[in-house]
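Contents: one structure, followed by commentary.
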Amino acid sequence: MTGQDITPTDPSDAADMARGRLRLDKWLWYARFLKTRSQAAKLAGSGTLRLGGAPVSKSSQPVKVGDVLTFPLGAYVRVIRVTALAARRGPAAEAQALYEDLDPPTPEARLPRG
């Protein structure tokens, strides 16, 4: 990340980050996979997201660096490795530094329309 101050705005973020973890819904929102935190919470609680291969049913599920997330997003299934935690929702370049895309979307990987 840049040399900017990344002090968490939420005190619970600071405590979680000190323990090397962050709520899944916050991480998804900070990483800019979804436009709102409520959308991130809905995805995280839907049961369609997997953390290390296991289904997640709580948006408060903690994630840590090294975790692999698999989830449907739009017409694709995303496979993401968490490479960093964030203290805020920053610009796109900052958000892209939070993850490694293990299976980038391609036209052939589109989910079938149902």
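Where in the stretch 40-113 are there strands (runs of 3 or more DSSP E), lying wholly inside it, with at least 1 residues that are charged (D, E, K, R)?
The strands (runs of 3 or more DSSP E) meeting that bar are 76-82, 99-101.
Quick check on the stretch 90-104: of everything there that is over 13 Å from the mean Cα position of the chain (by Cα) and closer than 19 Å to residue 71 by Cα, which residue is modelled with the highest pLDDT?
102
Just to be sure before I move on: is residue 50 touching a residue at least 24 places away in the same chain (Cβ under 8 Å), within 19 Å of residue 99 (Cα to Cα) and charged (D, E, K, R) in the structure I sent?
no
Would you pick out the residues in the stretch 39-69 that are farther than 12 Å from residue 28 by Cα and among the polar types (S, T, N, Q)?
Hits for the stretch 39-69 are 46, 48, 57.
Every residue in the stretch 71-83 that is under 10 Å from the mean Cα position of the chain (by Cα) and either surrounded by fewer than 16 Cβ atoms within 10 Å (Cβ to Cβ) or more than 15 Å from residue 104 (Cβ to Cβ) (or both), please.
The answer is 81, 82.
Could you look through the stretch 1-39, keep only residues that are hydrophobic (A, V, I, L, M, F, W, C) and not in a helix (DSSP H, G or I), and pick out the one that is modelled with the lowest pLDDT?
Across the stretch 1-39, the extreme among qualifying residues is 1.
Table: residues versus (1) in contact with a Phe, Trp or Tyr (Cβ under 9 Å, 6 or more places away or on another chain); (2) touching a residue at least 40 places away in the same chain (Cβ under 8 Å); (3) of a type in the set (Phe, Trp, Tyr).
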{"residue": "61", "(1), (2), (3)": "no, no, no"}
{"residue": "70", "(1), (2), (3)": "no, no, no"}
{"residue": "73", "(1), (2), (3)": "yes, yes, no"}
{"residue": "95", "(1), (2), (3)": "yes, yes, no"}
{"residue": "99", "(1), (2), (3)": "yes, yes, yes"}
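Identify, please: which residue in the stretch 41-53 is under 21 Å from residue 104 (Cα atoms) and either of a type outside the set (D, E, K, R) or touching a helix residue (DSSP H, G or I) at 6+ places or on another chain (Cβ under 6 Å) (or both) and is, among those, surrounded by the most Cβ atoms within 10 Å (Cβ to Cβ)? Steps first, please.
At the first step, the residues of the stretch 41-53 found to be under 21 Å from residue 104 (Cα atoms) are 43-44, 48-53.
Applying the additional criterion that residues be either of a type outside the set (D, E, K, R) or touching a helix residue (DSSP H, G or I) at 6+ places or on another chain (Cβ under 6 Å) (or both) yields 43-44, 48-49, 51-53.
Details: 43: 22, 44: 28, 48: 15, 49: 23, 51: 19, 52: 11, 53: 7.
Across the stretch 41-53, the extreme among qualifying residues is 44.
The values are calculated or read from the model by the stated rules, or taken from the named source; none is laboratory data. The shown structure was predicted, so the numbers you read here are calculated from the model rather than taken from an experiment. Positions of Cβ are backbone-derived with ideal geometry, glycine not excepted, and every protein chain shown enters the neighbour counts.
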